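Okay, structure first, notes after.
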Amino acid sequence: MQDKQSLSEVHQSVATNKRKGWRRILAFIGPAYLVSVGYMDPGNWATDIAGGSKFGYQLIWVLLMSNLIALLLQSLSARLGIVRGLDLAQASRNAYPKWVNFPLFILAQTAIIACDLAEIIGMAIGLNLLFGLPLIWGISITIFDTVLLLFLLNKGMRKMEAFIVSMVFIVGLSFLVEMFIVEPSLKEIAKGFEPSMLSGEALYIAIGIIGATVMPHNLYLHSSLVQTRKFERDNKGIKEAIKFNFIDTAVALNLAFFVNAAILILAAAAFFTNGFHEVAEIQDAHLLLSNIFGPVAPALFAIALIAAGQSSTVTGTLAGQIIMEGHLNLRIQPWMRRLITRLLAIVPAFFTILYFGEDALGGLLILSQVVLSLQLGFAIIPLIHLTSDKKEMKDFTIKTWVKVLAWMSAVVIVSLNIKLVIEEITGWIAAADGWYIYVIIIPSAILIGLLLVFIFLYPLLSKKQRIGNVPHGDALAIEPIEKINYKQIGITVDFSKNDRNTIRHALIQGGKSAHYHIIHVVETAAARYHGTTTMDHETQSDTENLERYKINLSDLGYDATIHIGFGTAAKAIAEISIKTEIELLVMGAHGHKGLKDLIFGTTVDSVRHKVAIPVLIVR
């Protein structure tokens, strides 16, 4: 059984089978560009600037290695989505025991918050550099980009991809111009591709670069986005889709490598060679560029930063939706999902500015990228296991040499992370030796490490696949059905022109053999306060109106009782329905929506969740 498709609103929304030649290749291009923006977000900028200013061209090889690992893993992610029609989160839910998925979701969500934190800070810094807007205001403004995401989603997949590609183009063009301005040393750049030993601060920044480049949420995102392409599901069609998506991935990630290398080279040429070795802050980079190269370079720098932050925000939101739906089988409104993630990311940014000052944001940026790197193993290991599974992948199982390269990449990333965690905890013990290190940090690190070992071993020891459930369950077999005769039917009335239609539908359901309960709720201030003892003018008038309905129905041959409730409509209707043992409730819908729903409330929806009987809604 196949799970409900991730990002179902855009699933298979881009047709490819009607196009031929180069147009057919272009039809597959797009998903990797959405993914690639995560490889050049403000978090990358922070790690690249820190690496370039502190160590010159020395860490270019780390960027290249990260990019090659990213290309390998993103191609595996695309293969999983194309072949199985599942994203990484859905496939993981099926492959691992149920209890594992909650910690996997928490870790993946933490990574998205860390990524979103980088985008918030980057956007705020970009607005500050370009318009002089205070950082605290810039961070607050980023809440409203939720509206942009919803607008793009409604416009369809191609429009969203066009927006992202245009943002990527702005970033790439800005740095191409910057490279001509700073005139880096080609000889030193070539030397930077030679691997060197890493320790201390170089290791910390190198792991930040890996975390900023090989981003865990991008693996979830790519496996879902490739499913927006509609193609023939035979072997030939799948093979072609894998090939074209690999081309898409290679081009997009090489562009991302160019941007990251350009930032690091820019930092090395502008700062390291001029003796500025402690430029960890994006603001410092902007200021120094202004001092050394005049006004054009810093303006381009700020524009590219805003473009990178905005485009990465869109992809981070989509990844969050995929992870929640995949791991938890939980689907909530995209705007709410976006707002929750953004608020969770804004809190540490606000806290950092208020307690440590604006200067601490650069350190927070690099920390966010290290957090991303620490989460990588929990996405990479399931991905390699899933794409190596001959039973599920059939003819498209990854080849042995690809498997070896993938596991080598995983070992490099996980071992570097373990080394970093040990170094950091040892440093904290030496510096502070606080009780929280032994009570919270070390036990948490051990538990997370054990979870990683379990995720690695479980697929090797157990070949059993859990059958995933879609959010709404399976279709049931419909057997011969007997007519349901409702004996107790409730009718809600509000003395508007809609009542006639509501009552008519109720009478059709039960005929003259049913008993009807006519319900109205008085919602005046007095009714809310005094309840059943209320005898204000509205209550008396409404009671008389109910009596008229009862007499009218009696004249037509129907048996009816009237009930008047007080206070909150939904609560009162539900209480009357339960007390009188109503079997079917017929309600008239008010017809308003949007802002009016926020103002007047949604009685029908509230009642529906409070009663355990069928509710017929009449418009």
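Just so you know, all these numbers are worked out from the coordinates, no wet-lab data involved. Given the structure is predicted, the values throughout are model-derived calculations rather than measurements. Positions of Cβ are generated from backbone atoms using ideal geometry, with glycine treated the same way; all protein chains shown enter the neighbour counts.
Based on the mean of other beta carbon atoms within 10 Å per residue, what is the order of 489-499, 547-557, most packed first? Mind showing how you got there, number by number?
Numbers: 489-499: 19.4, 547-557: 12.5.
Top to bottom by mean Cβ count within 10 Å: 489-499, 547-557.
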Given the Cα-Cα distance of residue 515 and residue 436 and 0.36 nm per residue of separation, how much length would full extension add, in nm?
21.8 nm
Rounded to 0.05, the calculated FRET efficiency for the beta carbons of residue 197 and residue 141 at R₀ = 60 Å is 0.90
Would you mind getting me the FRET efficiency between residue 428 and residue 273? Use the beta-carbon distance for r and R0 = 41 Å, nearest 0.05.
0.75
Using alpha-carbon positions, what is the distance between the centroids of the stretch 316-332 and the stretch 253-274, in Å?
34 Å
Can you sort 609, 520, 222, 505 from fewest to most other Cβ atoms within 10 Å of each residue's own Cβ?
609, 505, 520, 222
My understanding is that a pair violates if its Cα-Cα distance is over 22 Å; which of 487/550; 239/403; 243/399; 579/610; 483/579 do that in this structure?
483/579
Full-stretch length increase - residue 571, residue 537 - with 0.36 nm per residue and alpha-carbon distance subtracted
10.0 nm
Under 5 Å, built H, 5+ apart or other chain: amide partners of residue 616
585, 586, 587
